[in-house]
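Let me give you the structure first, and then I'll get to my questions.
The values are calculated or read from the model by the stated rules, or taken from the named source; none is laboratory data. In this text the structure is predicted, and so the values were computed from the model without any measurement. Reconstructed Cβ throughout: ideal geometry from the backbone, glycine too, with neighbour counts over all protein chains shown. When the accessible area is computed, the model is the full protein with side chains, heavy atoms only, and any ligands, DNA or RNA have been set aside. Shrake-Rupley method; radii C 1.70, N 1.55, O 1.52, S 1.80 Å.
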Protein chains: 2
Amino acid sequence: MFFHFRNRFPQLNTYWDKYLPYQKRLEAPARTVLLEEGKKSQHYIFIEKGCVRAYFDKDGEDKTMQFFFENEGLSSFDSFVNNVPSPITIETIEPSVLYLLPKRYVMQLLNELSTEPGFAQMVLQMTAQRQVHYISEFVSFIRDTPEERYQRLLKERPHIIQRVPQHFIASYLGISKVHLSRIKSKLAKNKTRF
Amino acid sequence: MFFHFRNRFPQLNTYWDKYLPYQKRLEAPARTVLLEEGKKSQHYIFIEKGCVRAYFDKDGEDKTMQFFFENEGLSSFDSFVNNVPSPITIETIEPSVLYLLPKRYVMQLLNELSTEPGFAQMVLQMTAQRQVHYISEFVSFIRDTPEERYQRLLKERPHIIQRVPQHFIASYLGISKVHLSRIKSKLAKNKTRF
DNA sequence: TGAACTTGATAACATATGTTATCGTGCCCT
DNA sequence: AGGGCACGATAACATATGTTATCAAGTTCA
């Protein structure tokens, strides 16, 4: 789904730096579409400030599948790599400062990096991390109730709850916004009671 | 979660063949535990005949997260690679014929393979496939109702429904076995009606 | 063969969750 | 400043789903 070397593998920063001139800085207001569902991904996106979500449309309903924040990079992975229409839309949530690196430079960069010793290891490590993440999302749906998923989010990634509008979080948790509101009010009640 | 080169990358079969003598053939009856939750994974498991599931325990309830069939290989990936206790149990569903390759030989094999040109590509390709799989599982929970997930399973992986007891499938779909039974009976009714 | 177990269907009831509608608040924009 | 909009809470009602219990059929195994 996405990849971001910089800030996670600082030893590669000199490579990245060579490509900084090709990055286009973009100051985008909230709710700016960076990639539209059905279009092909042409850029790697790096978030300097702000936040972004990936979502898709199901029968007119907006389903959020992931959130991204400062110092994270993303692209619609499959679309980017295989040059197929993106199954998701990417959109800013807050006013954001972004850097877009056109695909051809990313490819060039990857090519350069591939000669770097330990590069394959790094890529493996990264994809393994990603895999663990998606497995854990998936297992959570089998294992946990919506309330438990919310509490887990609250505990493990509170910044999401603090910064992201509630209806996006609801669809991310697989429930309606009304139900999420109910869960919150129930938890608040229990908290004050004891 | 698991990896299986053989049968997907036949050009590597000569490498595998060298390790055949180290594989232990195992004929296991149904419901044989191959790896217990909490233990460390010591073997790569290849399925010649039969089928296997990976599950974990949530408050006494048995939650199945994945099914495996003939010509697939698996291990509790994180446990195998990082030598930590496995979060899941691996158990046969049907009487099965399995081949177990001890971890040290797998490592040795991987080591040998790593000098093979194109090996990194292959590993990447494989992990990308896995990632796509788990993302699609995860997205399905956000996008689809339980009934839709069942129909998708019926359409895309009917062999699972044909061979696996229904209560395992229910927990895999994230619902109770009673509810899965209801979904089936509702679908059967609609089918005969029109 | 017969007892125990597994599997699956179904009913009755309880609870969780979705849907629609309404309201209030705060924010953005001109 | 004020209108429109995004956001979140809540109520009322409808539907989906879980829980528990029961039954029937098939399977396993001593």
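Is it the case, given these coordinates, that A:GLN121 is farther than 22 Å from A:PHE68 by Cα and modelled with pLDDT under 80? Working first, answer last.
Numbers: farther than 22 Å from A:PHE68 by Cα: yes; modelled with pLDDT under 80: yes.
Criteria met by A:GLN121.
Could you go through the stretch A:55-75 and let me know if any residue there is in contact with a Cys (Cβ under 7 Å, 6 or more places away or on another chain) and within 14 Å of chain B (Cβ to nearest Cβ). So that I can check it myself, show each step before the final result.
Just the residues of the stretch A:55-75 that are in contact with a Cys (Cβ under 7 Å, 6 or more places away or on another chain), to begin with: A:67-69.
Checking which are within 14 Å of chain B (Cβ to nearest Cβ) leaves us with A:67.
Yes, the conditions are met somewhere in the stretch A:55-75.
Would you mind stating whether B:HIS159 is within 14 Å of DNA strand D (Cβ to nearest atom) and over 30 Å from A:LEU124 (Cβ atoms)? Quick ask: steps written out before the conclusion?
Values: within 14 Å of DNA strand D (Cβ to nearest atom): no; over 30 Å from A:LEU124 (Cβ atoms): yes.
So B:HIS159 fails the test.
Among the residues of the stretch B:168-175, is any within 14 Å of chain A (Cβ to nearest Cβ), touching a Pro at 6+ places or on another chain (Cβ under 6 Å), open to solvent by 20 Å² or more (accessible area, probe 1.4 Å) and within 16 Å of DNA strand C (Cβ to nearest atom)?
Within the stretch B:168-175 (the criterion being within 14 Å of chain A (Cβ to nearest Cβ), touching a Pro at 6+ places or on another chain (Cβ under 6 Å), open to solvent by 20 Å² or more (accessible area, probe 1.4 Å) and within 16 Å of DNA strand C (Cβ to nearest atom)), the answer is yes, since at least one residue qualifies.
Answer with yes or no whether B:ARG143 is within 16 Å of DNA strand C (Cβ to nearest atom), surrounded by 14 or more Cβ atoms within 10 Å (Cβ to Cβ) and not β-branched (Val, Ile, Thr).
On the way: within 16 Å of DNA strand C (Cβ to nearest atom): yes; surrounded by 14 or more Cβ atoms within 10 Å (Cβ to Cβ): yes; not β-branched (Val, Ile, Thr): yes.
Criteria met by B:ARG143.
Among the listed residues B:GLU48, B:GLU112, B:GLU116, identify the single one that is in contact (Cβ under 8 Å) with a residue 24 or more places away in the chain, of a type in the set (Asp, Glu), away from chain A (no Cβ under 12 Å) and over 19 Å from B:GLN23 (Cβ atoms). It would help to see each step written out before you state the result.
Values: B:GLU48 fails: over 19 Å from B:GLN23 (Cβ atoms); B:GLU112 fails: over 19 Å from B:GLN23 (Cβ atoms).
Just one listed residue meets the conditions, B:GLU116.
Restricting the search to the stretch A:143-167, which residues are away from every other protein chain (no Cβ under 14 Å) and polar (S, T, N, Q)?
Residues satisfying the conditions are A:GLN151, A:GLN162, A:GLN166.
Only residues in the stretch A:171-189 that are closer than 15 Å to A:LEU153 by Cβ count as the first member; pair them with residues that are more than 12 Å from DNA strand C (Cβ to nearest atom) and open to solvent by less than 60 Å² (accessible area, probe 1.4 Å), Cβ under 6 angstrom, at least 6 apart or cross-chain, and list the lot.
Close Cβ pairs satisfying both conditions: A:SER171/A:THR64; A:TYR172/A:THR64.
Could you tell me whether B:VAL106 is of a type in the set (A, V, I, L, M), over 30 Å from A:ARG149 (Cα atoms) and either open to solvent by less than 40 Å² (accessible area, probe 1.4 Å) or facing another protein chain (nearest Cβ under 10 Å) (or both)?
Working: of a type in the set (A, V, I, L, M): yes; over 30 Å from A:ARG149 (Cα atoms): yes; either open to solvent by less than 40 Å² (accessible area, probe 1.4 Å) or facing another protein chain (nearest Cβ under 10 Å) (or both): yes.
Judged against the criteria, B:VAL106 is a match.
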